[in-house]
Structures are given as C-alpha cells and as structure tokens.
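What follows is a single structure, written as structure tokens, with notes after it.
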Amino acid sequence: MQAYLVRRLLESALILLGITLVTFILLYLVPADPARQIAGRSATAETVQNIRDQLGLNDPFFVQYWRYLTSLLQGDMGRSYLQRAEVSELIAARLPASLLLMVAAIVTELILGLTIGIVAALRRNRPADHGLMIFSFVSISAPQFVIGILLLYVFAVQLGWFPIGGYGTFAHIVLPAITLGFLGAGWYSRMMRSSMIDVLGQDFVRTAHAKGLGKARIVLRHVIPNAILPIIAMIGIDIGLFMSGIVVVESVFGWPGIGQLAWQAIQRVDIPVIMGVTMVSATAIVLGNLLADLVAPLIDPRIKTK
Amino acid sequence: MKKLLMTGVAGLALTAHMGAAQVNEDAAMGGSMIVTYKDDVATLDPAIGYDWQNWSMIKSLFDGLMDYEPGTTTLRNELASEYTISEVGTVHTFKLKDGITFHNGREITAEDVKYSLERTTNPETRSPGAGFFGMIEGFDSWNAGEGDGLSGVKVIDDKTVEITLSRPDATFGHVMALNFASIVPKEAVEASGEDFGREPVGSGAFKLAEWSPGQRVVFERFEDYHRENLPKLDQITFEIGLEPTVALLRLQQGQADIPGDGIPPAQFLQVMGDPAQSENVIEGGQLHTGYITLNTQMAPFDNVDVRKAVNMAINKDRIVKIINGRAVPANQPLPPTMPGYADDYEGYAYDPAKAQEMLAEAGFPDGFKTELFVMNVDPNPRIAQAIQQDLKEIGITAEIRSLAQANVIAAGGEADQAPMIWSGGMAWIADFPDPSNFYGPILGCSGAVQGGWNWAWYCNEDLDARAAEADAMTGEENAQARLDAWRQIYLDVMADAPWVPVFNEQRFTLTSDAIGGDDSLFVDPVHIPVHYDYVYSKDAQ
C-alpha cells in the first residue's frame, strides 16, 4: 500500500509538471502580447519594449519557463500583470468560496441523484421511472447558464425565497449549489439506477426475499449499501467536472470564487493569474482522482490497489 | 419619458449650454446607493487603472490639479487655485488650494504634485498613462530610466509648482485632468508598494472603506473633502460579480440603483418598452466612434478609390438597427459630442450602385476577396455579417475572422495581417474631450508602427504636421481657430478614407427611483456610468 501511494504521488507530481509545461507553451504561443495590454493604447513602442524587459518576456522560452517553475516550487506564483497583487493572495481570497460551493454541490447532487436513482430502479419501467429518467436526461443536457437564470427568476425574483445572487448566508448558496449539482444529479441518478437494478437481481436479494424479510428492510439494509459503493468512488472524479461548471455558475450568481477570477484573467491575458488558477484547479483534479482511487478499495475490498 | 441629451449638438455650443448651473449643488447630503458590476475592480491605483469601470471610481477617490465641470467637457481647477500659462505656452504654473488634505489627514503640497507626476512617468511603474505626459520637459530621459526625475517639474514653494513643456501644447490642461495626473501621498504609496491599487489613499470626495475581492467595494464620504457640500451620498456600494441580466433583476426588485454594465442587450427592448422603467433611462452621447479600418498598406486597400467605394457600400442604418438603435450613424472620426465635430459634413452617403461603379473604375469590376477581423463577442460578429453582406452587394467577398479581443489587437498591430477590422469592442473612446485625442495613436504616423493602434496603417505626414501645429495653438484666444484646424484635419482624413466610420454609441443609463440629479450627471462625458460625487439620494431630500 505504501509503495503504491508513493508511486501514485510521484505520478501526480509528474502530471502537474506536465500541465505547467503545456499551459506555459499555450500561453507563450498566444499572439496577444501581455505587455501591450499593460501599456495601453497610448504607449509608444519603446514603452512596450521596456515593459517586456521588466517582465522578462523577451527571454527565451525555457528561461521564462525555468524561472516560473523555480519560483512556483518556492511557493511564489508571481504578481498579476493587471491587478499587481500577489497571485497567491488573489487565489487564497477566492478559494474558500469555490470549495464551499463545491461541497454544497456534491451534497446536492448526491441527495438528488441517489434519491432519483433509487426510486427509478424500484419503479423500473413504470411511468415514475420514465419520468425521472427524462428529468435526468434534461439535467445532463441543459446548459448551466440557462438553469441558473431560470432558478434565479423563479425562486429569487418571483417567489422571493432566495437572494438574487451574491455571497454570505446559507440562503445565498442554495441556488448556485443546485445549479452546479444539477448536472451531476443526472449522472448519479442514472448510475444509481443501473447499479440498483444490478444488485436487485443478485442471488442474495432473492435469498432475503425467500427468508421473508420486509421489502423496506431489503432495500435499505441490503440493496442500497451494495449499490452505492461504485458511486462513492465517483465523487473524486467529479471535481474535474465542477471546475468547468464553476466558471459559469459563479458568473451567473456573482459567487466570488476562482472561476470568476479565471474568466477575468483570460479576458485580459493576465498570464500569472491564468497559470495560478490552472495550477490550483489541476492540483484539485489530480488529488480528487487520487483520492477516488485510494478510497475505492477501502469501501469495496473486491477492488485491489495495484 | 425617455430623455434625450447631447445628441447631434456641436461640441462648443454644447459646453456653453451645459454649465454647472444645471447641476443642483444644493441637494441635501446623505443616503447611499448600490452600483452593480460583473467584473471585479482591477485596481484603484490612479497611475495604473485604465478601464471604463475603474476610471470614474478612481476619479471619486483621487483629485488632480484639473477636472471638469460636472456633466460637461469644460475644464475647471480642481486642487489648483490658480493655473497660469506663460506667453509662449510652455510654462504652466499651478498654485494649490490652501488646507486641502489627503484621506490620511496630511496636507497636500507642491512636492506631492512632483512626486505623483514622476511616479506615473517612472518606467518602473509601468503606467499605461505615461505616454500622455510626453510634452513635459525631461520626459524622454526619465521615461527611459535615466536621471532622477522630470526636469520640467519644479517645486517653487510649498504651494506652487511650475511645469515646463518642451513644446507648447493646448491639451496640457486636459492631460492634467486625467486620472494619471492624480495627486498621491508618497508615504502611503511607499507603505503599500505594489498593493497601492488595493489600499488607495487620495484626496477625492470618497475614500475606500471596504474591498472584498469578487464581492463588493465600498466607498465612504471623505469628511474633509475640499469642495463644500459634496459628495452628496454618504456611501456607495459596488456589488461585484453580477451578470448584467441578474443586475437588472436586482434593480427591478429595488435591490440595486445603477447597473454599472448598462442595460443588457437582450433586455433592452423590454426595458425601453416598459414606461415605468424607460422613464428612468437617460440617453446621452458618448465620446466613442465605431469604425472599420481599411489597411492602406495592403492591396487593394492601398487604392483610395477602393476605400471610398467601401465607405459608400456600408448600410450604417441597418447596423444601428442590429444593436436596437443604441447608436447614431457616423460619417467622420469625431463623435458628435466632441468639440471640433463637423456638423455640416455629409460624408460618403450609402450608395451601393455608385460604389460598384467606383470599384470597377478602380480596376475591380468583379470585386475581390479579403478578410474582415472582428472581436468574437456579441454583437460584433453579427455586425460583421451585416458588413459582409453589404460588401457582397458590390462584389467584395470578405471572410470573417472572429477572434478574441487581444488577438484582433495583435493582428491590427502588424502591417500585413488584417486588411479590414471592425473595431467593435475595441473602438476608440476618448481619454479626454479634445479633438486631438482621436488622432495620434489611431490615425497619426506614430500609431502606424508594429504594435500600434493605427490599424489602417494610415500615415499622412502633412496632416501630422498640421496636427502638431494645431496643438501648439495655446490660449483662450486661439481656441476657436484650433478647433477649426482640427475639424479640417479630420475632414481631410475622410478624403483619404482610411476608415469607414460606422456609428457613435449612445449611452443609456438606467437608475432606480431612489437616485436623483441632473440628467447630465447620468451621461457625463468623463464619468461612466454616472458622476458619483454629484448624484444624490432622493430619500435624503
């Protein structure tokens, strides 16, 4: 187990190193010149050149990359070109909000997805099942922007149950968490449904019926605990999905997370911020996957770590 | 009633009409307002902030020696009590008002003026505004990182500063009214270092009370502000991170007062069609021109007749309709609200038949193929399609290259990349209300360089010389002659047709019922979206 863990951690570090290189190359190849974004439209060519010099943008690619990598390893992500603030501070100020939203979304998608999956499996091929599966299909395919605006309009504007965007109280988090969790709820309901149907057809369930156990007891004690295992392992992988959804959801609800920060940085070619946000999200995704792989054998001994 | 202000009025007449008298300076103080924005505030450092969102926020936090009468383009003294210009126009002497202090309580002295100007022009500050101060003596060496300051800026005594220019320049008063010329306290800048933009200390009507990244920025009244009875509001809260659509919902629910990003295009007709809401919309001109650049150094646009033909081929009324009438068709580089605008100029009227004829005479009876670069954010691709169709009418096949803003700017800055660019989303908005501001970087030879903003790569040395002459005409007595000179320069630019001026965007500022003030404050040419210092709370009255 220990050797496995060390190997996986090394692999993760290599993946992250690869991501820094690829992102750096992509940003290097973008024709837009960050020095010109900083210099503004009234700047002379000399001013732009001077800014390029100061930022080290005239150095060869590998010199720039090496400089970035060595500072990164010392925990220095540099300063934003446009806001001039430390990138680490900008991210630190926003990361808690994003994490909070992510946790709330995971709770939402699990509650919604598992419930729907269980009900659908128990009512297999009946109208309730069809209805719920259509719902899950819609939730997988509907654009998050549209869902967000729709929820805002109905529950915040018309009914006035929740605030119209913003951050601070429990009421603020409900709508964004539902919007973000909606997509995952669709996936989970489908997975839970098929997993339940699998388990329902197993011999031990038939045995339980034969023993004369009550239906509720069979489902609660025997079927759900067995069906839920493969789902739990999926949560780690979800983090990648959330990272992309969070940009949209945060912008609809005015949620002060890193998605919002990333969006603005991309608009303005603020390379240190783009690199910083990419690194933080990549780390979260890599850790999420690692966690999923480590947790799976713990909850289901049939899965072995290799 | 929708209120219409400042459209189609010649600049000079405009400034005369709109004196400060219209602004109710006696309105009672108190109350607060909420302004919403989608993007976080980039910085509040006056030497660095250069987007339309932080521009007017910085104006309320900081003061320069000069400023404008609220709601107008008329210069007035701000921190200066006296401003005198020498006979030859090169020595500008400012006397500071007595007893004015920074937010930290320290009195402002002439040393602060010198420090602030040197900070902006110091290459290490990397200020996007440094170039505006090129006329100050000693700028070139200081901005190149040599010497120990601007030799042209001399502190005479505690309250007097004398600025010597290397050439007479009529725009210098405007330059001193730019945010980049704001006076900052050295001790606060040095204490904060690169974080001064997050911890700004100025002498403006408001001071920063709170900044929660991605959530809100709060301004609070500065009690010792140097103007009596101002600002009107006790507090302004900028709520950050709200999509314009969501901001509008908030406003409709009474939870916001001004949507800083404006009325979202998709809801524009709905808002204007609802009398309760359109009553609170104030329309005004903007120092903005949207144009198509025709690269004069790339064939076939190196042929002036081709450029003229393209000018006649574009149906500007239709383009204005595409954006729901939120603009007025343009026929020259200057917008109608800019002093120097030529009211009687007719431009190239829409006439596709004649355009086709001209194109044939120029040697392209079957048209040609070209590319039209455009920023990939709505409505610009739709506008590009309209332009594409218009060009098709006269036989020109234009392929649309829809790219991210920074990439279009990069292509425009290369001599041989972009034959045509639709400027939408990147168009010129004046830095200050003077006709010269529409020339140098976008139409002058100095901008037609790699990485420049003169995307038509138009360079007419005769016009450059005349522009320099016009800017040397200092003094009140020459003001009219100078405006006439500039008017003629832009008409001569149009004779060469490096651009197709398409429209001038109009501003439509929506407010809640709770905020009051003269209409001009809501479409102030310098303060966008509103003049924060002067608008008042109706509840406080």
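The values are calculated or read from the model by the stated rules, or taken from the named source; none is laboratory data. On a predicted model such as this, the values are computed, not experimentally measured, just so you know. So basically every Cβ, Gly included, is an ideal-geometry build from the backbone, and we count neighbours across all protein chains shown. For accessibility, only protein heavy atoms count, side chains too; no ligands or nucleic acids. Shrake-Rupley method; radii C 1.70, N 1.55, O 1.52, S 1.80 Å.
In the set (1) open to solvent by 10 Å² or more (accessible area, probe 1.4 Å); (2) away from chain A (no Cβ under 14 Å); (3) at pLDDT below 95; (4) under 20 Å from the mean Cα position of the chain (by Cα), the condition left unmet by residue B:433 is number (1). Of the strands (runs of 3 or more DSSP E) that lie entirely inside the stretch B:354-469, those containing 2 or more residues that are under 30 Å from residue B:340 (Cα atoms) span B:369-375, B:420-422. Residue count for the stretch B:513-531 satisfying the condition of being open to solvent by less than 20 Å² (accessible area, probe 1.4 Å) and either charged (D, E, K, R) or more than 16 Å from residue B:60 (Cβ to Cβ) (or both): 4. In the set (1) open to solvent by less than 40 Å² (accessible area, probe 1.4 Å); (2) farther than 27 Å from residue B:23 by Cβ, the condition left unmet by residue B:108 is number (2). Within the stretch B:185-203, track down each residue that is more than 14 Å from chain A (Cβ to nearest Cβ), of a type outside the set (A, V, I, L, M) and assigned to a loop (DSSP other than H, G, I, E, B). B:185, B:202, B:203 - these are the residues of the stretch B:185-203 that are more than 14 Å from chain A (Cβ to nearest Cβ), of a type outside the set (A, V, I, L, M) and assigned to a loop (DSSP other than H, G, I, E, B).
The stretch B:224-335 holds strands (runs of 3 or more DSSP E) entirely within its bounds, and those carrying 1 or more residues that are more than 14 Å from chain A (Cβ to nearest Cβ), of a type in the set (D, E, K, R) and under 19 Å from residue B:522 (Cα atoms) map to B:281-284. Pairs are defined by a Cβ separation below 9 Å, a sequence spacing of at least 6 or placement on different chains, a first member in the stretch A:190-203 that is not assigned by TED's automatic domain parsing to the domain that holds residue A:222, and a second member that is open to solvent by less than 40 Å² (accessible area, probe 1.4 Å) and modelled with pLDDT under 90; no pair meets this definition. All told, residue B:454 meets the bar of being within 14 Å of another protein chain (Cβ to nearest Cβ) and within 22 Å of the chain's Cα centre (by Cα). Taking the stretch B:83-97 as the range and being under 20 Å from residue B:225 (Cβ atoms) and either modelled with pLDDT under 95 or in a strand (DSSP E or B) (or both) as the test, the residues that pass are B:94, B:95, B:96. Reported count of residues in the stretch B:204-223, each being away from chain A (no Cβ under 14 Å) and in contact with a helix residue (DSSP H, G or I) (Cβ under 9 Å, 6 or more places away or on another chain), is 7. For residue B:259, the criteria (1) crowded, with 24+ Cβ neighbours inside 10 Å; (2) touching a Lys or Arg at 6+ places or on another chain (Cβ under 7 Å) hold in every case but one, which is (2).
Could you tell me whether the stretch A:77-85 includes any residue that is surrounded by fewer than 19 Cβ atoms within 10 Å (Cβ to Cβ), of a type outside the set (Lys, Arg) and not in a loop (DSSP other than H, G, I, E, B)? For the stretch A:77-85, residues surrounded by fewer than 19 Cβ atoms within 10 Å (Cβ to Cβ), of a type outside the set (Lys, Arg) and not in a loop (DSSP other than H, G, I, E, B): absent.
Screening residue B:278 against (1) polar (S, T, N, Q); (2) under 24 Å from residue B:372 (Cβ atoms); (3) open to solvent by less than 20 Å² (accessible area, probe 1.4 Å) leaves a single unmet condition, (2).
Applying the criterion of being among the aliphatic types (A, V, I, L, M), within 30 Å of residue B:133 (Cβ to Cβ) and outside any helix (DSSP H, G or I) to the residues of the stretch A:28-75, the residue that is nearest to the other protein chains (Cβ to nearest Cβ) is A:32. Set side by side, the residues A:128, A:185, A:171, A:156 differ, and just one is within 22 Å of residue A:251 (Cβ to Cβ), of a type in the set (A, V, I, L, M, F, W, C), open to solvent by 30 Å² or more (accessible area, probe 1.4 Å) and assigned by TED's automatic domain parsing to the domain that holds residue A:245, which is A:171.
Inspect the stretch A:212-231 for any residue being in contact with a helix residue (DSSP H, G or I) (Cβ under 7 Å, 6 or more places away or on another chain), loosely packed, with under 15 Cβ neighbours inside 10 Å and more than 28 Å from residue B:36 (Cα to Cα) and give the result as yes or no. No: zero hits. For the stretch B:125-166, the set of residues classified as among the hydrophobic types (A, V, I, L, M, F, W, C) and within 16 Å of residue A:49 (Cβ to Cβ) consists of B:130, B:144, listed by residue number. For residue B:241, are the conditions met, namely being farther than 19 Å from residue B:517 by Cβ, within 26 Å of the chain's Cα centre (by Cα) and not acidic (Asp, Glu)? Criteria met by residue B:241. In this entry, residue B:134 passes the filter for residues that are within 14 Å of chain A (Cβ to nearest Cβ) and under 24 Å from residue B:465 (Cβ atoms).
Among the residues examined, residue A:113 qualifies as buried (at least 20 other Cβ atoms within 10 Å of the Cβ) and under 30 Å from residue A:135 (Cα atoms).
Of all residues in the stretch A:251-298, those satisfying the criterion of being within 14 Å of chain B (Cβ to nearest Cβ) and among the charged types (D, E, K, R) are A:268, A:270. Condition first: closer than 25 Å to residue B:445 by Cβ and either within 25 Å of the chain's Cα centre (by Cα) or within 14 Å of another protein chain (Cβ to nearest Cβ) (or both). Can you find one or more residues in the stretch B:380-400 that meet it? No, because not a single residue in the stretch B:380-400 is closer than 25 Å to residue B:445 by Cβ and either within 25 Å of the chain's Cα centre (by Cα) or within 14 Å of another protein chain (Cβ to nearest Cβ) (or both). Report yes if some residue within the stretch B:283-296 is more than 26 Å from the chain's Cα centre (by Cα), of a type in the set (D, E, K, R) and over 16 Å from residue B:379 (Cβ atoms); otherwise report no. No, the stretch B:283-296 contains no residue that is more than 26 Å from the chain's Cα centre (by Cα), of a type in the set (D, E, K, R) and over 16 Å from residue B:379 (Cβ atoms). Residues that are without any contact (Cβ under 8 Å) to a residue 24 or more places away in the chain, in a strand (DSSP E or B) and of a type outside the set (Gly, Ala, Ser) do not occur anywhere in the stretch B:114-131.
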